[in-house]
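J.: Sharing a structure below in structure tokens format, with a few things to ask.
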Amino acid sequence: MSRFCVAGSLNIDLVTRTKRFPKKGETVQGESFSTFTGGKGANQAVALSKLGADTVMIGKLGNDIYAAQYMEYFRKLGVKTSGIMREETSTGIAVITVDGEGENFIIIIPGANGRMDSEYIKDKKELIEQADFLLLQLEVPMEAVLEAARTAKNAGTKIIFDPAPAMDVPAELLRLVDIITPNETEAEALTGIRPDDESGFEAAGKALAEKGVKAAVMKAGAKGAYIFENGVFTHVAGFKVKTADTTAAGDTFNAGLAYALGEGLELKSAVRFANSAAAISTTKHGAQDGMPSIEEVRNLADS
């Protein structure tokens, strides 16, 4: 069985719903309040674990009640926590207010995520070296992402990099990764090319290859995904499902892709598996709550 390591963010989402946003200095009545586990790194680790993968998480939590809850949650799911350290600060927090029209205001407090650095990655390097696949994102400082990629490269660990949220990425990082998985917005941020159609995706994939990326798997929502590898461009269709919530579908895609590659599938088949995992996740409410089991993914992928 392949082993997976995820290095990245752990967040708690504090979500308030109200009919309308308050004006400056105004107090309004809220309708509901919910707390959810999140963070792109943690999302990918949870999705892998729900598929049955041997998964370890590298990240940081704060010294608060949310951290204790997160650690217990990971233990119940089977996500290994030997790579998680608690800092004397808050756990990463997203304070989200949603109005009756579905619009939102979001305030992000990086908290412990912001204290991930290269020295911490060096301290946890054995977890990366022991893994077959390393999954990376961009919600922790770039120096930590780069150090993790360098460690994986030296160890022969395959790197799957989700360049989200969209931002400038060092050229060195692009040369280190084995597979990059941008969506349309992230592909444009990296290449300057907006992939609005197949020719756009092909041009973006070619541009990423010219930057040193070995394979680009570009996510396109309900359309599925586009692959550019070794000069060959391929479309892998998505699945038609009744969508309820697209939150963390991209993270579920990455986890599904990594899991399938770990099972020995070639890239096109692995992307179909990832499309299936992401599609199922959108049929349920909640980011991590909606992540599917291996049986659900296989049933849809084989249909």
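Just so you know, all these numbers are worked out from the coordinates, no wet-lab data involved. Remember, it's a predicted structure, so these values are computed and weren't measured experimentally. Don't worry about glycine lacking a Cβ; one is built from the backbone with ideal geometry, like all the others, and counts go over all protein chains shown.
J.: Given axes a ≥ b ≥ c from the Cα gyration tensor, I'd like to know whether segment 29-72 is rounded (a/c under 1.5), prolate (a/b larger than b/c) or oblate.
T.: oblate
J.: Now a separate question. Long-range amide H contacts for A7: which residues qualify at under 5 Å (H placed 1.01 Å from N, peptide plane, sequence gap of 5 or more or a different chain)?
T.: Here the answer is I58, L135, since their amide H atoms fall under 5 Å of that of A7.
J.: Long-range amide H contacts for I159: which residues qualify at under 5 Å (H placed 1.01 Å from N, peptide plane, sequence gap of 5 or more or a different chain)?
T.: Under 5 Å from the amide H of I159 lie the amide H atoms of L134, D178, I179, each far enough along the sequence or on another chain.
J.: For segment 3-98, give the share of DSSP beta bridges that are antiparallel, in percent and rounded to the nearest 5; count only bridges with both residues there.
T.: 30 percent
J.: OK, next. Rounded to the nearest 0.05, what FRET efficiency do E210 and K19 give with R0 = 41 Å and r taken as the Cβ-Cβ distance? Could you check?
T.: According to the calculation, E is roughly 0.25.
J.: Go through segment 1-52 and name the chymotrypsin sites (Phe, Trp or Tyr not before Pro) that are in a DSSP coil and have 14 or fewer other Cβ atoms within 10 Å of their Cβ.
T.: Listed in order of number, the matching sites amount to none.
J.: For segment 101-203, run through the GluC sites (Glu not before Pro) and keep only the ones in DSSP coil with at most 16 other Cβ atoms within 10 Å of their Cβ.
T.: Sites meeting the loop and neighbour criteria: E101, E103.
J.: Through the Karplus equation 6.51 cos²θ - 1.76 cosθ + 1.60, θ set to phi - 60°, convert the phi angles of segment 3-8 into ³J(HN,Hα) values in whole Hz; use x for Gly and Pro.
T.: Along segment 3-8, the couplings run 10, 10, 10, 10, 10, x Hz.
J.: To the nearest 0.05, how large is the calculated FRET efficiency for D302 and T234 if R₀ is 25 Å and r is the Cβ-Cβ distance?
T.: For R0 = 25 Å, the calculated efficiency reads 0.80.
J.: What distance in nm separates the two pseudo spin-label positions at S82 and A171, each 7 Å out from Cα along the beta-carbon direction?
T.: With each label point 7 Å from Cα toward Cβ, the separation is 3.8 nm.
J.: Say the dipole of the chain comes from +1 at the beta carbon of Lys and Arg and -1 at that of Asp and Glu; which of L261, T181, L135 then lies farthest toward its positive end?
T.: L261
J.: Expressed as a fraction of 2.2 N^0.38 Å, the rule-of-thumb size for a compact globular protein of N residues, what is the C-alpha radius of gyration of the chain? The partial results should precede the final answer.
T.: Numbers: Rg = 18.7 Å, N = 303, 2.2 N^0.38 = 19.3 Å.
Normalised Rg, Cα atoms only: 0.97.
J.: Another question about this same structure. Within segment 249-294, report the trypsin sites (Lys or Arg not before Pro) that DSSP leaves as loop and that have at most 16 other Cβ atoms within 10 Å.
T.: Sparse-neighbourhood loop trypsin sites (Lys or Arg not before Pro): K284.
J.: After finding the eigenvalues of the alpha carbon gyration tensor for segment 161-249, what semi-axes result from the square roots of 5 times each, listed largest first in whole Å?
T.: After diagonalising the Cα gyration tensor, the semi-axes are 21, 15, 11 Å.
J.: Once the other residues with Cβ under 14 Å from the Cβ of S82 are scored (Lys, Arg +1; Asp, Glu -1), what is the net sum?
T.: Within the 14 Å Cβ shell, the charges total +3.
J.: When a/c reaches 1.5 or more, the comparison of a/b and b/c decides; with that in mind, is segment 228-303 rounded, prolate or oblate per its Cα gyration tensor?
T.: prolate
J.: Further question on the same structure: With +1 on each Lys and Arg Cβ and -1 on each Asp and Glu Cβ, how big is the dipole of the chain about its Cα centre, in debye rounded to the nearest 20?
T.: The calculation lands at about 340 debye.
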